[in-house]
Amino acid sequence: MGTLALLLTALAAVGVLLVLVIKVELPAFVSLLLVAMGTALVTGIPLEEVVPVMVAGMAKVLGSVAIIVGLGSMLGRLIEVSGGAEHLARRFTHVLGPKRVIVALTAAAFILGIPVFFDVGFIILAPIVFAFAKVAGLNPLKIGLPVGAVLLTVHVTVPPHPGPVAAAALTGADVGLLTVVGIVIAAVVAVVGFFAARIFNISKITLGPSPATEAVEHSYDDEDADLEPGSSSGGTSGGAATVTKTEPKTEPKSRIPSAGTVTALILLPILLIMIGSTLNTVLAEDSPLRPFASFVGAPTTALLVGVLVAYFVIWRITGWSKTKLGSVADSALPIVAIIIFVTGAGGVFGNVLVESGIGDALTETLTSVGMPVILAGFVLSLALRAAQGSATVAILTTAGLLANAIAEGGYTQLQVVLITLAIGFGGLGLSHINDSGFWIVTKYLGLSVADGLKTWTVLTTICGVAGFALTWLVFALV
């Protein structure tokens, strides 16, 4: 197929997918697989390769996502059902007040997001976000959206995340300078994202079944009445899903993990990832410690250790039987099963778009248009992000395409860093139905596809454009 035909096919595929999910209300998992298969056939992928390409797309995503989502959900479930998450939320809400809770969690997400991948950070923080929302009487979207946006902003712009690190290697940007400048600009973008998240009229959004509404529906009372900032009857203000109040599951106060214990359990896997990332950055390539650092800092290792420690600590504190403890941990998996499957199906669709040549066609079209390198970096990365879903792939592809132009452009090291950041901010925007992160966020928060496009997709695009505008402004001044 020609370039124009491939691009039109991509647009048609996205349009059909939206109609199937929003209008026909066909399950997202089935819709994604159906449209992916149809796109593969229309674009000329050989018949015998259509299913293998789809399976490969599922494997690429679920190879890491299934383990991370499963372990992260178990950790969160243990903390949630033990009453620890709500206890922590009440403590902090009592000290900070409901209005400061959103700011505090968003700031914490920015710091934690530097060493931790976006999906890992969001899954770990999710039960805390939901507990704070319930205790403070807030819609989970008011906290979940800015937290997710901040985590993704850091993920695409600041080392040691794979996108910016690999892009720096291709563009020749200094990783240390990229880290410093990236953190400063990303911090400003985080503030923009925080305020941008408040413009959405979430009072008209009804949340569907999800970990967010699951957390709202159940109350785990720590009998600490003096810390109660208000009613936690299971409803939330600002348009949260209407839920039925259930009888609180009361435990003796001594059997609920303290705020300090909960904080330690959450930080443990994050610290392991941070240690691994830091050691991999500072150690020489031939250091015998690098394999150990990679193993310890891998999200799978960190979360597995976190779950095992939480399992033992919560068992000792709550006095639960081993049967109940195992039952609570296992109960996390059915809740997130749909997230795992739909995320994998998003990977199928994204891989078909890549293997069909649509991504290459888009690249050729954009590179043929003469524009400043920094603008070309942003636009090309943004377009590739929209076309195939993966922010990291969009960043790496763009950096590789522009590497020669950057090397021959006579730019200063700071300018090269800024061009690299512009590419990263392109990968931030337009997170939609072919992005696994879109499904993780929307399914965790209980958003429909339509509401996810109106909120999460718009929010990531605002952050991406704001980040690029700020980067281009600095580029013009230096």
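Only the coordinates and a few stated rules stand behind these numbers; no lab work does. Predicted, not measured: the structure shown is a model, and the values here were computed from it. So basically every Cβ, Gly included, is an ideal-geometry build from the backbone, and we count neighbours across all protein chains shown.
Spacing of the modelled spin labels on Arg316 and Ala104, each 7 Å from Cα toward Cβ, amounts to 2.6 nm. Inter-label distance, Asp360 to Arg290: 3.2 nm, where each label sits 7 Å from its Cα along the C-beta direction.
Neighbours of Val150 by Cβ distance under 15 Å: Lys/Arg scored +1, Asp/Glu scored -1, total +1. Centre-to-centre separation between the Cα atoms of the stretch 144-174 and those of the stretch 288-328: 27 Å. Sorting Lys454, Lys443 from the fewest to the most surrounding beta carbons within 10 angstrom yields Lys454, Lys443.
Residue by residue, the stretch 100-111 carries 3J(HN,Hα) couplings of 7, 4, 4, 4, 5, 5, 5, 5, 5, 4, 4, 5 Hz when phi is fed to the Karplus relation 6.51 cos²θ - 1.76 cosθ + 1.60 (θ = phi - 60°); x denotes Gly or Pro. Volume of the convex hull of the chain (Cα atoms only), normalised per residue: 148 Å³. In the chain, the longest principal axis of the Cα atoms and the axis of helix 358-367 are about 60 degrees apart. Pairs spanning more than 32 Å between alpha-carbon atoms, out of Lys134/Lys322; Lys60/Lys204; Lys324/Lys454; Lys23/Lys142; Lys204/Lys324: Lys60/Lys204; Lys324/Lys454; Lys204/Lys324. Note on the stretch 346-478: with charges restricted to the Cβ of Lys and Arg (+1) and Asp and Glu (-1), its dipole about the Cα centre is near 320 debye.
Axis angle, to the nearest 10 degrees, between helix 28-42 and the longest C-alpha principal axis of the chain: 10 degrees. Could you let me know the centre-to-centre spacing of the stretch 388-463 and the stretch 1-40, using Cα atoms, in angstrom? Centre-to-centre (Cα) distance: 21 Å. What number, in percent, do you get for the relative contact order of the chain if the mean sequence gap of Cα pairs under 8 Å and at least 6 apart is divided by its residue count? Normalised by residue count, the contact order of the chain is 24 percent.
If the chain linking Ser331 and Val305 were pulled fully straight, counting 0.36 nm for each residue of separation and taking away their Cα-Cα distance, it would gain 7.5 nm. Compared with the alpha-carbon gap, the fully stretched path from Ala5 to Ile199 is longer by 66.1 nm at 0.36 nm per residue. Overall, the anisotropy analysis places the stretch 1-149 in the prolate class: the square-rooted eigenvalues a ≥ b ≥ c of its C-alpha gyration tensor yield a/c not less than 1.5, with a/b exceeding b/c. Note on the stretch 3-477: dipole from Cβ charges, positive end direction compared against Thr281, Gly429, Ala107; the farthest Cα belongs to Ala107.
Could you please tell me the mean projected area of the C-alpha convex hull for the stretch 137-202, averaged over all directions and given in square nanometres to one decimal? Orientation-averaged projected area of the Cα hull: 5.0 nm². Need one word for the stretch 285-349: rounded, prolate or oblate. Basis is the Cα gyration tensor (sqrt eigenvalues a ≥ b ≥ c); a/c below 1.5 gives rounded, then a/b vs b/c decides. Note, shape of the stretch 285-349 comes out oblate. Stretching Ile275 away from Glu49 to a fully extended chain increases their span by 77.2 nm, per 0.36 nm per residue minus the current alpha-carbon distance.
Among Ser436, Ser287, a tally of other beta-carbon atoms within 10 Å of each Cβ gives an order, fewest to most, of Ser287, Ser436.
Placing unit charges on each Cβ (+1 for Lys and Arg, -1 for Asp and Glu) gives the chain a dipole about its Cα centre, and among His155, Ile335, Phe438 the Cα reaching farthest toward its positive end belongs to Ile335. On a 0 to 90° scale, report how tilted helix 299-318 is relative to the longest principal axis of the chain, with both axes built from alpha carbons and the result rounded to the nearest 10. Its long axis makes an angle of about 10 degrees. Placing unit charges on the Cβ atoms only, positive for Lys and Arg and negative for Asp and Glu, gives the chain a dipole magnitude near 880 debye about its Cα centre. The phi torsions of the stretch 321-338, fed into the Karplus equation with coefficients 6.51, -1.76 and 1.60 and a -60° offset, translate into couplings of 6, 5, 5, 5, 4, x, 5, 5, 4, 5, 5, 6, 5, x, 5, 9, 4, 5 Hz, rounded to whole numbers, with Gly and Pro shown as x.
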